[in-house]
Amino acid sequence: MSTATKGLLLALLGYVVVGVAVFGRAFPADRLFVPMHTERLEPWRSDLSPERAAELADGEFTAASDKLISFRADDAITVAALRDGRVPLWNPTNAGGVPHLGQALYGVFYPFHVLYRWMAPERAYVWIALVHHVLAALFTFLWLRRIGVHGVGAFVGGLAFGFSTYLLARAHYYQYVECFGWLPCGLLLVESVVAGRRPIATSALLALVTGTVLLAGWPQTAVYTIWAWALLAVWRCAALELRTSWTKPAGAALLVLAGGTALCLPLEDSGDLLVRAFAPWVAVGLAFALCDGKAAFARRLAWPAGAIAGGGLLAMVQYLPAAEWAAWAGRQGMGAPEMLAAHGLRPTFLLDLVLPGLFGSPSFSHQGDLYHLPRLFALAPDDLGLAEHLGNLIENTLHVGLIAAALAVVGLVAGGARRTFAAALGFVAGAFALGWSFVVYPLFFGGWIVGLDPRRALGLLAFALCVLAGVGAGALVAGRGRGLARALAVGLGLLAAAALVAAGALDDRTLLAPLLAHAADLARAYGEALAVPADAEAAAAALVRSTLLRFGGCGLLTAGALLLLASRARPLVRFGPSSLVLAADLVLAGLPTTAPQPADGFLGPHPMIDHLRETVGTSGRLARYGANGLLGVSLSPNLAGAYGLDHRFGLLGAAVHLQVEDERGVDGRPGLRERQDS
């Protein structure tokens, strides 16, 4: 057995062990990998005993409840078709029947969903998550090895990405993992295609993987993944064929002129957007016309470009029906560039990279108290309407491990040529995620941007950081960057010690003083008195304290690991403990978001369908719920990426709202009468 094969098998074994440590709790027959239990929904919630409610609330992840409330209903349609031997093309449960393919957020034809033929989706979810996290880690390892990173560095990079809290916090939104999990696989295939290694076979594989990613659903994340592949293809072709062409004075002048124009133009309407989007590409085209090696460049680029286009054609079986229904979607018109920029990630949330969980708990309610302090920390007074949006862990989590973050700095500084693509990808993705449209919009045609939540580019940023971590680990093996690693160790150790002191010495009010002051400013801005419930204040203090304690402990371990990495000991001696610390850091951060739920009492795929048939005469999917028992039920909420169909759809598209609480009410709130609006 060759050394490369042994390294691959050892890496695979390590990733499987970490995967079982994270997801193994959902393997027993009495546990399910769902974010919350159906008994925690109304009307059953009102009948729960306090003991049962506390049992089910422990470890639930209500922020990811769409998996159970919306997508499990889609799975029910798929399961029924597969077990009847039919292709799942039609959903008969909504409005007399709608196309099951007419929605872009659900992967009807995603290959791994064939598991539903033999097991219930809530049983299959854990296997889908485990396989995709292991594949994400393994393909990252293989791509890093392909570009020349040392084996231990490639293992660190794969571990950091495959089990980053970025992915683990989204494990219940399997579309995220099913898209970004294939990101390094596509990069590996692009490398092979551009290098001319069996171009026909590798191009066919790239087309197949492209179609698979698009069929997973959630086209926003799929588009980001395919962007990375396209950028790498252009990057590699340019490096191979256009080494000197960009130094031509005319081409350089055009790029500077057009780029400067695009960056300086105000972004006030769609016309400005089009000018800014087209200007750099016009310059690139003109500069390319002045380049040497144009024919060779075009020939090389034709293979990956054709493969990606072919994959897009494969996915049209799902996207053509979705496009037809998109005209009726109730979420259209939300993609104006100004809105996207305003909804970008707040810079303070980048603290999540080293302090995971500081801005929210996995179990926060979608409709909790207005002054839920962890969420309000990053809000400005004019952002009241974005409280839920900004506090959503699904959108904001970035953590890839303290060691990985430190090694990424080493890789950026001492990584040599291998850092270039990761650094560029991280810059573009980070600028997009932060809503810096003046940087990102000039790089792409606006039609591909509008409608995408910028913070979903965090997937590319997380991947770039993990790649840089692998490059940094490889640089340390080669003896580069040791001084920087020691300096980072000292600085991180001091910060970790300060965090431990603060967590132990400060009382709750002192610890929360910045948060309370910010909440008071927000209340004054809206003419209200600050009224933070005692339990909310205590929960916020406990969250901040536990975050500081965890950071302090992991920080001290990471500082020691960095000092070991910077030593001259053998690679296995240096990187073995460091990999264990990284794995422990990631597993601990991911456990709250991957907690299983009890199987007993679980009410099945769509607990409200029969109730709706009896009360309102039709069936639908649950779209929203709140802690107060409010259920929002609409006719096919996910059609074409929509949570509802607007008035243009006519009477059949009218939303059906059902509010159900028994006479006792819920959590001390007044009870509501059961009613129907149509």
Residue-ordered couplings for region 52-60, obtained by feeding phi - 60° into the Karplus form 6.51 cos²θ - 1.76 cosθ + 1.60 and rounding to whole Hz (Gly and Pro as x), are 5, 4, 5, 4, 6, 6, 6, x, 6
Skipping prolines and chain starts, which residues have an amide H placed within reach, meaning under 5 Å, of the one on residue 91, given they are 5 or more residues away or on another chain?
98, 100
What FRET efficiency comes out for the pair residue 84/residue 317, r = Cβ-Cβ distance, R0 = 25 Å, nearest 0.05?
0.80
Per the rule of 0.36 nm per residue minus the C-alpha distance, extending residue 417 to residue 495 adds in nm 24.9 nm
Points 7 angstrom from Cα along the Cβ direction at residue 521 and residue 230: gap in nanometres?
4.0
Rough spin-label spacing in nm, given labels placed 7 Å along Cα→Cβ, for residue 53 and residue 549
2.7
Can you work out the FRET efficiency for the pair residue 112 and residue 4, with r the C-beta to C-beta distance and R0 = 25 Å, to the nearest 0.05?
0.35
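Sum up the charges of everything whose Cβ sits under 13 Å from the Cβ of residue 516, counting Lys and Arg as +1 and Asp and Glu as -1, but leave residue 516 out. Working shown, then result.
Values: positive: 509, 524; negative: 507, 508, 521, 537.
Spelling it out: positives minus negatives among the neighbours equals -2.
Of all trypsin sites (Lys or Arg not before Pro) in region 43-143, which ones are in loop regions per DSSP and have a Cβ with at most 15 other Cβ atoms within 10 Å? Spell out each step's value before the answer.
On the way: sites: 45, 52, 67, 72, 83, 86, 117, 123; in loops: 86.
Sites meeting the loop and neighbour criteria: 86.
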List the residues, sorted by chain then number, that are 5 or more residues from residue 399 or on another chain and whose placed amide H is less than 5 Å from its amide H.
166
For region 593-598, in order, what is each residue's ³J(HN,Hα) by Karplus, 6.51 cos²θ - 1.76 cosθ + 1.60 with θ = phi - 60°, in whole Hz (x at glycine and Pro)?
8, 10, 5, x, 10, x
Of the peptides 135-142, 505-512, how do they stack up when ordered by the mean number of other Cβ atoms within 10 Å, highest first?
135-142, 505-512
For residue 32, other-chain or 5+-apart residues with amide H closer than 5 Å (H placed, Pro excluded) are 597, 599
Under the Karplus relation 6.51 cos²θ - 1.76 cosθ + 1.60, θ = phi - 60°, what is the ordered set of whole-Hz ³J(HN,Hα) values for region 184-194, x standing for Gly and Pro?
x, 5, x, 4, 4, 5, 4, 4, 5, 5, 5
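May I ask you to compute the full-extension gain from residue 487 to residue 424, defined as 0.36 nm times their residue separation minus their alpha-carbon distance, rounded to one decimal in nm?
Values: separation 63, 0.36 × 63 = 22.68 nm, distance 2.50 nm.
Gain in length upon complete extension: 20.2 nm.
Taken together, the values in this text are just the output of simple stated rules run on the coordinates, not laboratory data. All of these numbers come straight from a predicted model, not from anything done at the bench. Cβ atoms come from the backbone with ideal geometry, glycine included; neighbour counts cover every protein chain shown.
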